[in-house]
Amino acid sequence: MKNYIRKYYYGDIPDDKSGGNIVSKETKSDWPLWEVFIRSKQGLDHKHVGSLHAADAQMAIENARDVYTRRMEGVSIWVVESKYIHASKPEEAGELFEPAEDKIYRHPTFYKLPDEVNQM
Amino acid sequence: MSTLIDYTLHLADNSLILGQRNSEWCGHGPVLEQDIAITNISLDLIGQARNFYQYAASLINQTIKQSNNPVTEDSLAYLRTEREFKNCLLVEQPNGDWGQTILRQFFFSQYQYLLFQQLQHSKDEQLAAIAAKSLKEVSYHLRWSSEWVIRLGDGTEESHSRMLKAIDELWMYTGELFQAAGYELQTAKEGIGVDVSLLKPKWEEKIKEIFSEATLPVPEKVFMQSGGKDGKHTEHLGYILTELQYMQRAYPGNEW
């Protein structure tokens, strides 16, 4: 029995040795993950700002208020459960995005604008 | 004037002590999001306390002409003793578990909500302004805490039984909220303060409403503790002040 002393490294401390009340892992993972979108004063669009755990939509909005709008970042909050977001696969990036690369004529930079048109 | 000072200090002490209590959760909340939520509430309360203390300090400095050593918000918070604090007993009660902290916040926020609704029409412009400003914060505290009471009361067997225990611990401190101290009666007569006894029916009605949704029983008549408003506190306040005032006691006049 040589391992009387076991050295723990940061992040390696088992829950029963870390002291304090241990929140069981189940309680945490019971709460689904939500994605948070905040509309700032400057823009019309809601921007993705991050994610958080919450038991329901109401709680997700309140958590988002507490976590992401403490410094007056927002005027409106959207939340959506992360499982409802479908994402494109990174390995499909080639077929999805590369075909657009050689089609520069899709950019509106080839048109000569009359001087009267300012805001374009 | 001295009743107005006492009344303002009472309002300040309520917010400061509950803010200090809630801040003990900082870094210990059950999940990150709620840790931030409770500390946000804590900061709101300490902000309210500052407003009230600043006002109380200006009133005190008007009455006593001690020009070279004026009273400040800091001296009021950090250099008064236990018996000089006029907060109600409810706010100094220990955090207990999350359920107990939630319930204490719910009882107090419901009370503060009704109180500030009246106080914002006070003849005293300063108190009216502080109440009006704080009311938005308090509305959120009330919404947040009542949702948690429902969630825990109507949650699992474990959370329900913890809420029952919390009610057992805290209910006896709710009666004092509506027993007016001398300075409350006097300021209420002058149209400055609020007659807290009138808030009781509405408060009870709201508690019943949330408790019934949370499947929690409203306790029958129990003996109510009191004394905090007149400086007679439970043993807990001394410990709170020891921690709160440590820096100023150990290093007088220290600033950062």
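At-a-glance table
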item	result
Orientation-averaged projected area, Cα convex hull of the range B:140-202 (nm²)	5.5
Range in chain B, longest, excluding exposed trypsin sites (Lys or Arg not before Pro) [loop by DSSP; at most 14 other beta-carbon atoms within 10 Å]	B:124-220
Dipole-positive endmost among B:199, B:227, B:153 within the protein assembly as shown (Cβ charges, Cα centre)	B:227
Hull-based mean projected area of the protein assembly as shown, where the convex hull spans the alpha carbons, in square nanometres	32.4
Residues B:184, B:24 arranged by fewest to most Cβ contacts within 10 Å	B:24, B:184
Within the range A:41-112, trypsin sites (Lys or Arg not before Pro) in DSSP loop having at most 13 other beta-carbon neighbours inside 10 Å	A:41, A:70, A:71, A:103, A:112
Viscosity 1.002 mPa s, 20 °C: Kirkwood-radius Stokes-Einstein D of the range A:44-120 over Cα pairs, µm²/s	126
MRE, 222 nm, helices only [DSSP H, n ≥ 4, -39500 (n - 2.57), over the protein assembly as shown, to nearest 500]	-16500 deg cm²/dmol
Built amide H within the under 5 Å cut-off of residue A:47, gap 5+	A:38, A:39, A:40
When each of B:123/B:202; A:47/B:206; B:86/B:202; B:133/B:229; A:41/B:206 is checked by Cα-Cα distance, pairs over 30 Å	A:47/B:206; A:41/B:206
Gyration tensor verdict on the range B:98-256 (Cα atoms; rounded if a/c is under 1.5, prolate if a/b is larger than b/c, oblate otherwise)	oblate
Cβ charges +1 (Lys, Arg) and -1 (Asp, Glu), total dipole of the range B:1-85, debye	320
Ranked B:76, B:103, B:170, B:198, criterion: other C-beta atoms within 10 Å, fewest first	B:198, B:170, B:76, B:103
Choice from B:145, B:161, B:134 showing the highest fluctuation, given a GNM over chain B with Cα pairs closer than 10 Å	B:161
Vicinal HN-Hα couplings computed from phi for the range B:209-221 (Karplus, 6.51 cos²θ - 1.76 cosθ + 1.60; Hz; Gly/Pro x)	4, 5, 4, 5, 5, 8, 6, 10, x, 7, x, 6, 4
Set A:89/A:112; B:189/B:232; A:83/B:208; B:65/B:200 screened for pairs whose C-alpha atoms are more than 32 Å apart	A:89/A:112; A:83/B:208; B:65/B:200
Dimensionless Rg over Rh [the range B:78-173; C-alpha; Kirkwood]	1.06
Loop sites in the range B:175-254: chymotrypsin sites (Phe, Trp or Tyr not before Pro), DSSP, at most 16 other Cβ within 10 Å	B:223
Cα-centre dipole for the protein assembly as shown with unit charges at Cβ (Lys and Arg positive, Asp and Glu negative), debye to 20	720
Neighbour-count ranking [beta-carbon atoms within 10 angstrom, fewest first] of B:26, B:88	B:26, B:88
Peptide B:33-39, shielding by other chains (average Cβ, 10 Å cutoff)	5
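Every number here is computed from the coordinates shown, using simple stated rules; none is lab data. Here the structure is a predicted model, which is why all the values come from computation and not from measurement. When we count neighbours, we look across all protein chains shown, and the Cβ atoms used for this are built from the backbone with ideal geometry, even at glycine.
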